[in-house]
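The values are calculated or read from the model by the stated rules, or taken from the named source; none is laboratory data. Computed from a prediction, not measured in an experiment: that's the story for all the values here. Ideal geometry is used to build each Cβ from the backbone, glycine not excepted, and the neighbour counts take in all protein chains shown.
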Amino acid sequence: MANVQEHIARLFPEATFEEGEVLLVNIPDAKWHTLAKTLKEDSELDFDYLVALVGMDWTETLGVMYYFSSTRLGHSISVKVATDNRENPMLHSISDLWNVANLYEREVYDYYGIIFINHPDMRRLFLRNDWVGYPLRKDYDASPETNPVRLDHEAVDDTTFTYVEQPDGKVVKEERTIFAPEDFVVNIGPQHPATHGVLRFRTSVDGETIKKIDLYLGYIHRGIEKLCEGLGYMQTLHFTDRLDYLSAQQNRHCLCLCIEKAMGIEVPRRAQVIRVMMDELMRISSHLLFMGTFCMDLGATTMLFYTLRERERILDIFEKTCGARMTFNYNCIGGIMEDIDKDFVADVKKLLEIMPKAIKEYDTIFTGNVIARNRMEGVGVISKEDVISYATTGPVGRASGWACDVRKTHPYGIYSELDFDEITLPEGDSMARYLVRVEEIKQSCRILEQLVDNIPEGDICAKVPKIIKLPEGHWFQQVEASRGAFGVYIESHGDQKPWRVKFNSPCMNLAGIVPHAAKGGKIADLITIGGTFDYVVPDIDR
Amino acid sequence: MPYAEFKDNEYIESLVNELRANGTNVVVGSLDKLINWGRSNSIWPLTFATSCCGIEFISLGAARFDMARFGWEVARASPRQADFMMVAGTIVHRMAPVVRRLYDQLAEPKYVIACGGCAISGGPFKNSYHVVKGVGEVIPVDVYVPGCPPRPEAMIYGIMQLSRKIKVERFFGGVNRQEKRSDFINAHPIEEALVKEGVEQEEGMAK
């Protein structure tokens, strides 16, 4: 890390550094784009993966925290850029360097009103076009009179704005077209059975070929990050179960890990083992639901009944221990809420007996089916460079050959002691994305096999104070959720409530790559592509 | 809610028997009965889900809970073909006009079930800047099913309550409702400025 710091200090004398979890670089906005270019292109730095982009309001200044990582060298860095202009805040965009920044910066604009210079599409992302104010600013007026529930439909834009910097440093607002008047635009969603929730694509087509997709988000934006700022740390936990409800255990695990890291709590071994087992059970159940709904999208409705049959078994296991079929509220700060049920071990063993047979059955019904293969093979191919640039982690990234499993790259809990393979396939098409998930079910079973007889005795929860206060500072933690790397960023100013909580959801990146993956394909393949990405819309919108 | 009340499934029927104690018209009453019998046994849901509750709705359709036993399995993707709308999940500001439009597109007779804490009152997100505090602010609701998310059994109970409500409707001579649907629509108008704009658009298209 010292090398990186020296290297940057030599090139950018105005940068200041702070030691921490990862090296933090402070840089004035004027030099930011040059630094970003260096971070990405310098072979000694090679930060090709933008992990997170967190908008911030520090009351005097507005700004952004960036987290970068290098897929080749494995090191990480964070950068802080701020502006003290609250009336008309502007920062330079990095969406030309990392594609994923496109949506991330729009989100920050939506939340804080920070305009990104040279960003190609500065529209609001989640909120209506006619929304008043920027909700995540600390001085936002939240009264319902400012923004009542409107029943009229918002106007649809065919144009957008970009802020271009002139050579003399002046920033000019320019209009850009999204769809030209002669484009034939088909509206898909928000109420459409194949979008898996309330996602909206405005798709311009030429015959059956997709020319361009304009993504509309926010139909289930619940403002969870703002809600967290008003609650104590214990109270923020339940939101994670409702983000991506098919990775409820992993998401909650992540937030607990982040808070435990900040407080320096050591989690008892028994709790760590049970947490990992729950994570893997959740992953199996999520991938089973993926197989069911995806095959149903392609017309193979029968598969849904087969996969949900096994999923119900897993839900039974959860229900006996956690008391719920979904939204379990099981992990807590310092460990887990309740000990496992007395039948837990026997039930998991039974499940492990059934799963290999069940997977064989799925393969006979669907995977080898000639129609299924024709619809999946070679459809929606994404290259490895693109998945890294769009930061699409999880099974989608691994199906394009990117080894991005957080359980392997940054092991947490007891994952470093476990024996399992990271599945990567080189093809990058829909078939590969499907197969990766089938293989991951097998790997999760392997992890469970190693643990089911080795749950150690002991406490299930560490001693945690009744009122939780985090010291001043900021922390970032990632786990491997069912759909990719789920990250939590917490900034604390030493109070009982967090100053800022950011959930870095994998599904947002998955939705962000859809326009790229579907472009040039047939409109019927959009269903296949969207299905294999398997995004959960409440996780996109938060 | 006391446990005993969960078992009290017949209160709607007993209420109707009380109403009809003085007798109903032989022709109209029998016709009502026949129509309601048909309607209440084949209510088709609209595939409409925004979050977690939608996954439980999928489970409801699968083998273990099997809503086909009751004639509800024909989930329609188009509101034009559906009888009722199960609002499964949080409704936010951006979604509210869409929900209203979907409701308007449902063919008569239409019913709404608010499913889960979010659809009833905003649930855990009640204090958010972007969440509608219950779908009842946007469209009239017939049955509320609490839970976060409700178990599939609770959903079955909710839809069964709906079919009980349908059974006691009067096809001829008014509907047994406390609040008429038109009253609700009048109390929650779509803002005029945009209605006008919509009219202009339609005129433009006509030209």
- When you scan the stretch B:96-128, how many residues do you find that are part of a strand (DSSP E or B) and either within 14 Å of chain A (Cβ to nearest Cβ) or aliphatic (A, V, I, L, M) (or both)? 4
- Query: Would you pick out the residues in the stretch B:32-53 that are more than 7 Å from chain A (Cβ to nearest Cβ) and in a helix (DSSP H, G or I)?
  - Reply: B:Asp32, B:Lys33, B:Leu34, B:Ile35, B:Asn36, B:Trp37, B:Gly38, B:Arg39, B:Ser40, B:Cys53
- Task: Go through the stretch A:351-370 residue by residue and tally those that are touching a residue at least 24 places away in the same chain (Cβ under 8 Å) and either of a type in the set (Val, Ile, Thr) or assigned to a helix (DSSP H, G or I) (or both).
- Result: 13
- Just checking, which of A:Ala358, A:Ala346 is of a type in the set (A, V, I, L, M), out of contact with any helix residue (DSSP H, G or I) (no Cβ under 9 Å at 6 or more places or on another chain) and over 18 Å from A:Pro268 (Cα atoms)? A:Ala346
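Each row is one residue, and each column tells you yes or no for (1) within 14 Å of chain B (Cβ to nearest Cβ); (2) closer than 25 Å to A:Thr532 by Cα; (3) surrounded by fewer than 19 Cβ atoms within 10 Å (Cβ to Cβ); (4) over 24 Å from the mean Cα position of the chain (by Cα).
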{"site": "A:Lys261", "(1), (2), (3), (4)": "no, no, yes, no"}
{"site": "A:Arg270", "(1), (2), (3), (4)": "no, no, no, yes"}
{"site": "A:Asp279", "(1), (2), (3), (4)": "no, yes, no, no"}
{"site": "A:Arg283", "(1), (2), (3), (4)": "no, yes, no, no"}
{"site": "A:Leu304", "(1), (2), (3), (4)": "yes, yes, no, yes"}
{"site": "A:Cys322", "(1), (2), (3), (4)": "yes, no, no, yes"}
{"site": "A:Tyr330", "(1), (2), (3), (4)": "no, no, no, no"}
{"site": "A:Lys349", "(1), (2), (3), (4)": "no, no, yes, yes"}
- Residues in the stretch A:152-160: is at least one part of a strand (DSSP E or B), more than 10 Å from chain B (Cβ to nearest Cβ) and at negative phi? yes
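Residues are listed down the side, and each one gets a yes or a no for (1) modelled with pLDDT under 90; (2) out of contact with any Asp or Glu (no Cβ under 6 Å at 6 or more places or on another chain); (3) not aromatic (Phe, Trp, Tyr):
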position: A:Met263; (1), (2), (3): yes, yes, yes
position: A:Arg283; (1), (2), (3): no, yes, yes
position: A:Gly292; (1), (2), (3): yes, yes, yes
position: A:Leu304; (1), (2), (3): yes, yes, yes
position: A:Ile317; (1), (2), (3): no, no, yes
position: A:Arg325; (1), (2), (3): yes, no, yes
- Message: Condition first: farther than 16 Å from A:Ala481 by Cα, surrounded by fewer than 21 Cβ atoms within 10 Å (Cβ to Cβ) and not small (Gly, Ala, Ser). Can you find one or more residues in the stretch A:398-414 that meet it?
- Response: no
- Note on the structure: From the option list B:Val92, B:Val131, B:Val87, B:Val74, single residue qualifying as buried (at least 24 other Cβ atoms within 10 Å of the Cβ), of a type in the set (A, V, I, L, M) and more than 9 Å from chain A (Cβ to nearest Cβ) is B:Val87
- Identify the residue in the stretch A:187-200 that is touching a helix residue (DSSP H, G or I) at 6+ places or on another chain (Cβ under 7 Å) and assigned to a strand (DSSP E or B) and, among all such residues, is farthest from the other protein chains (Cβ to nearest Cβ). A:Ile188
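Is it true that A:Gly133 is assigned to a loop (DSSP other than H, G, I, E, B) and surrounded by 14 or more Cβ atoms within 10 Å (Cβ to Cβ)? Even if it seems obvious, please write down each step before you answer.
Numbers: assigned to a loop (DSSP other than H, G, I, E, B): yes; surrounded by 14 or more Cβ atoms within 10 Å (Cβ to Cβ): yes.
Answer is yes for this residue.
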